Amino acid sequence: MKIKDIQFEVRSFRFEEPMKVAFATIVDMETCLVRMTTDEGITGFGEAAPFSYVTGDNLETVISVGNDIGKALIGMDPRAIGAIHRVMDSMYAGNGAIKAGIDIACYDIAAKSAGVPLYKYLGGDDPHIHSDVTIGINEPGAMAADAKSWVDKGFEIIKVKLGEDIATDAERIRAIRETVGSDIKIRIDANQGWSIKDTVIISRRLAELGVDLIEQPVRDFDFEGLREIKNSTDVLIAADESCHSIHDASRLASMRAVDVVNIKLMKCGGIYNAIKIAAICEGAGIPCMIGCMGESTLGNLAGMHLAAATDNIKEVDLDSVYILKQEDVYGGFDHCGGHVTLWDAPGIGCIVKGE
């Protein structure tokens, strides 16, 4: 089997409501649909969703780099994923989003060729996962109401965006906890918004409120700060923006800097590298989470299949499918609240409008 053609198409999605995080307010997302066809008539789909605040690339670079890499991949076997990555990495450093889009399309083709859902192709046997849902920064009362609305829809894990002043952030969590009750899991994501000192201070209050995890409280380069916080609190500390590559994962693991590592396909360059990161962390006894950055159903589904197939991915934060208005890409899973069942269709399983 050989790659015959690779096409890149811009797709736009809007959030149901603006999503405010510590460093930005996000209204919409532009992503790139990757369509890969083979000489055997199999079409695979991937998604490249750049997020310049985190990945350092944008839609313009995704298309430019994608077209360049795409020419080099024509004639290669899409199932030879290691060789595909060697070619991509030899041409460009970084550029995780477009590499992820191409990687996902290759895996989609490989699983379709084998006639099995992607999670089975990756070695899994259970199509069920359990995801949280995220609420953005707002006034405490509004955030509590948002949390309650998701709980009423059947979600049992709420991820809360914080990262402003710690007094107001603590009040936000207090309001949410009082509204949703003690049985709902709450974890928070500060998106690099706090100092080491402020994180240690607020972690005590968050522990009292039953928060079980704090994600990326300090700047992405501050591995020592993450370790200092981890050693100063009973709340689990997770790295997100601090982990883009297998090298980041190795350093975090060797430093014992965090309790959890959040893998994102757009940061690390796709499923191939995500599997390596999960293995590095497993060897160090560090569980992983898999997250997203506003991808459509297609990108989220790739992460869902990986989570269903990977033992060391213990937590799932693939929730933009619930908060984006999207019509171009849909299907591939059913859900009741955060409880997801993947379809038993070959490949990723989503439906691309017009195909």
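Which numbered condition trips up residue 337, out of (1) more than 19 Å from residue 29 (Cα to Cα); (2) within 13 Å of the chain's Cα centre (by Cα); (3) not charged (D, E, K, R)? Tallying (1) more than 19 Å from residue 29 (Cα to Cα); (2) within 13 Å of the chain's Cα centre (by Cα); (3) not charged (D, E, K, R), residue 337 fails exactly one: (2).
Is it fair to say residue 156 is in the same structural domain as residue 177 (by TED's automatic domain parsing), of a type in the set (Asp, Glu) and closer than 22 Å to residue 263 by Cα?
Against the criterion (in the same structural domain as residue 177 (by TED's automatic domain parsing), of a type in the set (Asp, Glu) and closer than 22 Å to residue 263 by Cα), residue 156 qualifies.
Which of the following residues is assigned by TED's automatic domain parsing to the domain that holds residue 162 and touching a residue at least 60 places away in the same chain (Cβ under 8 Å): 288, 243, 268? The unique qualifying residue is 268. Of all the numbered requirements in (1) in contact with a strand residue (DSSP E or B) (Cβ under 6 Å, 6 or more places away or on another chain); (2) acidic (Asp, Glu); (3) in the same structural domain as residue 264 (by TED's automatic domain parsing), residue 108 misses one, and that requirement is (3). Each residue in segment 41-56 was checked for being buried (at least 20 other Cβ atoms within 10 Å of the Cβ) and over 16 Å from the mean Cα position of the chain (by Cα), and 2 of them qualify.
The number of residues in segment 123-164 being farther than 17 Å from residue 350 by Cα and outside any strand (DSSP E or B) comes to 29.
Name the helices (runs of 4 or more DSSP H) wholly within segment 34-112 that hold at least 3 residues that are modelled with pLDDT of 95 or more and more than 18 Å from residue 274 (Cβ to Cβ)?
On the way: elements: 52-55, 59-73, 81-91.
So the answer is 59-73, 81-91.
Filtering segment 65-72 for residues that are closer than 22 Å to residue 122 by Cα and out of contact with any Gly (no Cβ under 7 Å at 6 or more places or on another chain) leaves an empty set. Annotation: residue 20 fulfils all but one of (1) more than 21 Å from residue 328 (Cβ to Cβ); (2) at pLDDT 95 or above; (3) not in a helix (DSSP H, G or I); the unmet one is (2). Filtered by the rule that a residue be of a type in the set (A, V, I, L, M, F, W, C), touching a Lys or Arg at 6+ places or on another chain (Cβ under 9 Å) and surrounded by fewer than 21 Cβ atoms within 10 Å (Cβ to Cβ), segment 269-301 gives a lone residue, 284. Look at residue 283 and say whether it is on the phi > 0 side of the Ramachandran plot, out of contact with any Pro (no Cβ under 8 Å at 6 or more places or on another chain) and in contact (Cβ under 8 Å) with a residue 24 or more places away in the chain. Answer is no for this residue. Each residue in segment 165-194 was checked for being more than 24 Å from the chain's Cα centre (by Cα) and in a loop (DSSP other than H, G, I, E, B), and 4 of them qualify. Of the residues making up segment 306-322, those that are among the hydroxyl-bearing types (Ser, Thr, Tyr) and within 17 Å of residue 160 (Cα to Cα) are 320, 322.
The values are calculated or read from the model by the stated rules, or taken from the named source; none is laboratory data. Bear in mind the structure is a predicted one, so any value in this text is a computation, not a measurement. Note that each Cβ is placed from the backbone with ideal geometry, even for glycine, and that neighbours are counted across all protein chains shown.
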